[in-house]
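Worksheet for the structure shown next.
The values are calculated or read from the model by the stated rules, or taken from the named source; none is laboratory data. This one's a predicted model, so the numbers in the text were calculated from it and none came from an experiment. Positions of Cβ are generated from backbone atoms using ideal geometry, with glycine treated the same way; all protein chains shown enter the neighbour counts.
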Amino acid sequence: MDTNGNQNQNTGASNNQSTVAAIGSFIFDLVKILVIALIIIVPFRMFIAEPFVVSGSSMVPNFHDKDYLIVNRLDYHTGIPQRGDVIVLKYPKDTTQFFIKRVIGLPGETISFSQGHVLITNQEHPNGWTLQESYLPSQVETFAGPQSVTLGSGEYFVLGDNRTASSDSRVWGILPSNDIVGKVWLRVFPTSKFTHFSTPTYQ
């Protein structure tokens, strides 16, 4: 009887040990998966691409509230923003907030406004050049104060496409390059409006 009891106890102990070992193995595998996922996902989001959800109407008619976008961070690690790029940026007055805007003025340029249009003065156009923005409805006009803004190195002037309802460089000033998160690359939701975005050309 004692022998059978000892055998049962040994069997029970063995089963308990197997269960503990199985649970430990599961937890270890789970931790490995999480660590690997973090190793892949964190650098991917920091240096390559990340999602962004549009909030508000400042980029209507080209982007709408709740549009789900993919932002390309890699482009600006290897290059610089171009005129017309739609970007996600950190609001310079409060870098915990993120905005979506369009790059209008580049470093070294002077930006001014006349008769509802943006004027660009630079080395190529020393007498000024009226920006023709084909991505805006023809009736849209851009107004700001009479002052002009000259951009220094690493400084950009950005506007929302909804020119009458956008808080942008006309309101809070120039955008330092350090506050640029990345270039809008894809709209993936709503799926009916799936779009790949590229830099527009200007005449």
Quick check, is GLN123 outside the structural domain of LEU69 (by TED's automatic domain parsing) and more than 24 Å from VAL54 (Cβ to Cβ)?
no
Condition test on ASN127, is it within 27 Å of LEU74 (Cβ to Cβ) and free of Cβ contacts under 8 Å to residues at least 40 places away in the same chain?
no
What do you reckon, is LYS66 more than 22 Å from ILE180 (Cβ to Cβ), within 23 Å of the chain's Cα centre (by Cα) and either not in a helix (DSSP H, G or I) or not acidic (Asp, Glu) (or both)?
yes
Show the residue pairs that are 6+ apart or on different chains and have beta-carbon atoms under 7 Å apart, the first residue being within region 153-175 and farther than 17 Å from GLY84 by Cα, the second being at pLDDT 95 or above and among the hydroxyl-bearing types (Ser, Thr, Tyr).
ALA165/SER57; ALA165/SER58; SER167/SER58
Just to check your reading of the model, which residue among THR130, THR96 is farther than 15 Å from ASP161 by Cα, within 19 Å of the chain's Cα centre (by Cα) and surrounded by fewer than 17 Cβ atoms within 10 Å (Cβ to Cβ)?
THR96
Please go through region 153-203 and give me each residue that is in a loop (DSSP other than H, G, I, E, B), among the small types (Gly, Ala, Ser) and surrounded by fewer than 19 Cβ atoms within 10 Å (Cβ to Cβ), ordered by number.
SER153, GLY154, ALA165, SER167, GLY173, SER198
Is it the case that region 76-90 has a residue that's without any contact (Cβ under 8 Å) to a residue 40 or more places away in the chain, on the phi < 0 side of the Ramachandran plot, loosely packed, with under 15 Cβ neighbours inside 10 Å and polar (S, T, N, Q)?
yes
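Select from region 83-127 the residues that are assigned to a loop (DSSP other than H, G, I, E, B) and either basic (Lys, Arg) or in contact with a Pro (Cβ under 9 Å, 6 or more places away or on another chain) (or both) and write down the one among them that is farthest from VAL184 (Cα to Cα).
So the residue we want is LYS93.
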Considering only region 116-166, state which residues are touching a Ser or Thr at 6+ places or on another chain (Cβ under 6 Å) and of a type in the set (Ser, Thr, Tyr).
THR121, SER148, THR150, SER166
